[in-house]
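Here, each number is a calculation from the coordinates, and none is a lab measurement. A quick note: this is a predicted structure, and the numbers were derived from the prediction, not measured. Ideal geometry is used to build each Cβ from the backbone, glycine not excepted, and the neighbour counts take in all protein chains shown.
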Amino acid sequence: MELAQVKVESLVNEENILFQEKFATVYYSAELRVLGVRWHGSFKEQEYVGLFNKMIEEMQGKAVVGFYSDIREQGVVPVGARKEFEKTFSPKGKEMGIDKTGVVTDASPFKKYYLNTIIKITGRPVKLTSQPEEALQFILEGKL
């Protein structure tokens, strides 16, 4: 598969649903080796933490090179959830093999603060874009 031909539907589709919550759908493509989440709503701190814990659990033994996150419909991330991401999930992601992240965003002021904080925390390359294909192609550069 050529990078320019990769469409977001290669990841975000019914067959690749790893699990669903009322506020997010989590995807995994074994072919692309990409874990992704499409947020759709608000959530409480423990729901956010639970989602990431479940992702880590579900990904045990699976190859993963990058993380895709569509946050255009994501609710506000509570401060405690962000701190848990920093302390637990960012290091776990690195251990799992995630070395690049593509984020689809509308870049509202609330999300910009959250995103800049997360980018500093991870210390890994991140692409912020309004185009889902750009986010996925960024993750896969040099991986296909």
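Principal-axis analysis of the Cα atoms of the chain puts helix 45-58 at an angle of about 30° to the longest axis.
Here region 3-140 is described by how far its Cα atoms reach on the three principal axes: 37, 30, 29 Å, from widest to narrowest. Extension gain, residue 79 to residue 45, is 11.4 nm, computed as 0.36 nm per intervening residue step minus the present C-alpha separation.
Between the Cα long axis of helix 109-122 and the first principal axis of the chain there is an angle of about 70°, rounded to the nearest 10. For the pair residue 86 and residue 131, the difference between a 0.36 nm per residue extended length and the Cα-Cα distance amounts to 13.6 nm. Over the chain, dividing the summed -39,500 (n - 2.57) contributions of all DSSP H runs of at least 4 residues by the number of residues returns a 222 nm mean residue ellipticity of -10000 deg cm²/dmol.
Spatial offset of region 98-133 relative to region 23-61 amounts to 16 Å, using the alpha carbon center of each. Other residues whose C-beta falls under 10 angstrom from the C-beta of residue 53 contribute a net charge of -1, scoring Lys and Arg +1 and Asp and Glu -1.
List the relative contact order of region 1-114 as a percent without decimals, with contacts defined as Cα pairs under 8 Å and 6+ residues apart. It comes to 23 percent, rounded to a whole number. At q = 0.16, 0.21, 0.26 Å⁻¹ the log10 of I(q)/I(0) for region 1-80 amounts to -0.60, -0.97, -1.33, computed by Debye summation with a single uniform scatterer per C-alpha, solvent ignored.
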